[in-house]
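Worksheet: the structure to be examined is printed underneath.
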Amino acid sequence: MRHFITLLIFASCILCAKAQQNIIRCVDIFRSRPEVEGNIASRTYSDKNSNRDARYEVFSFTIPKGRKEQLKLVEDAFARDMKSAYNSAQGISGEPRYYNPNGSYSVCALYVDDNNSIPIGIKKGNNYSYACFLDTEDTIRTHRYAYFLEYGVKGNQIVGRVGVSYSTTAQYRESMKNNASKQNKNAGSKATLATVIGADTNDELQLAIQVLQSLSADDQAKKDVSPEEQWLAEFTLKVKWLRQNWNDDTATQYAASIYGLCKRSQCLDETERKLATSELNKLLKMVKDDTVITLLKASVERLDTSRSSKDGSCNGFISNELMYFLS
């Protein structure tokens, strides 16, 4: 059986893993036991913010209930190495409280990249351990190794997972967001709003989310950007989200959000109204769900009837339902 340190594509020398050497050694021993059965899932992702790939590997295992002492050795290894970790915890999962992209809740989640994380403590009563260590070969201290162990009793067996993710530190990611926010602010509200209008790829849409969040909290931005520009930015983002998720369970929510936006479209001129109607008609040719179709048709009608309203406003900047989708 391949060793844990080799399988996880760790640093090229043992010395690089010195801080977490007990974890590596004991997990390696645990996996070599004949009573341990399991399978491996691993993946590597290109990290746009650094010159190192993000990656993870998870070993899902089962062992007989009577051999729990094998896991005790691994837990003790975590406890010994935690003194060298910059972030760590051990315990028993209570009510999981963090929502994950896969629809589950967990005690915490180890970051891999913007779209992937490893949830820990999914099931109440599970034992869990995790520890994060800086990559000593990374001289600018932007990357880390995060190890975890989680297991619980199921019938006559113990079912669990042990693994690692290699990615950027939370501190580094926060600094990148702060830099992006400063750049957006220096560029001016109109320039940053253009980023939203032009967003297309997943990465661009992620940036658009950050832009709208910052503008929605900026009183000066509300003065610098006209109501119709605000409306079109929000409409564009919602339409693109629905276009990418038209066959998803969330499509109805997106369509309802667009309808709510079209109810407050009084500030649009005729050209802008025709542009929005054209985009909705394109969506109508894509979607199949009857409820989504009904909402989009009603949105087109709202765009048409709002022109006769005496109220020339668009009733606010970033709507509450949009902020719900951003969370």
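What to note about this one:
- Estimated distance in nm for a label pair at residue 123 and residue 92, the labels positioned 7 Å out from Cα along Cα-to-Cβ: 1.5
- Among the chymotrypsin sites (Phe, Trp or Tyr not before Pro) in segment 108-138, none sits in a DSSP loop with a Cβ that has at most 14 other Cβ atoms within 10 Å.
- Counted residue by residue at 0.36 nm each, then reduced by the alpha carbon distance between them, the extension gain from residue 282 to residue 21 reaches 88.3 nm.
- Of the residues 107, 239, 27, the one with the fewest other Cβ atoms within 10 Å heads the list, and the complete ranking is 239, 107, 27.
- Peptides 51-63, 29-41 ordered by average Cβ neighbours within 10 Å, highest first: 51-63, 29-41
- Peptides 253-261, 161-169, 67-75 ranked from most to least packed give 161-169, 253-261, 67-75, packing being the mean of other C-beta atoms within 10 angstrom over each peptide's residues.
Only the coordinates and a few stated rules stand behind these numbers; no lab work does. Since we're looking at a predicted model, the values are computed, not measured. Please note: Cβ atoms are built from the backbone with ideal geometry, for glycine as well, and neighbour counts cover all protein chains shown.
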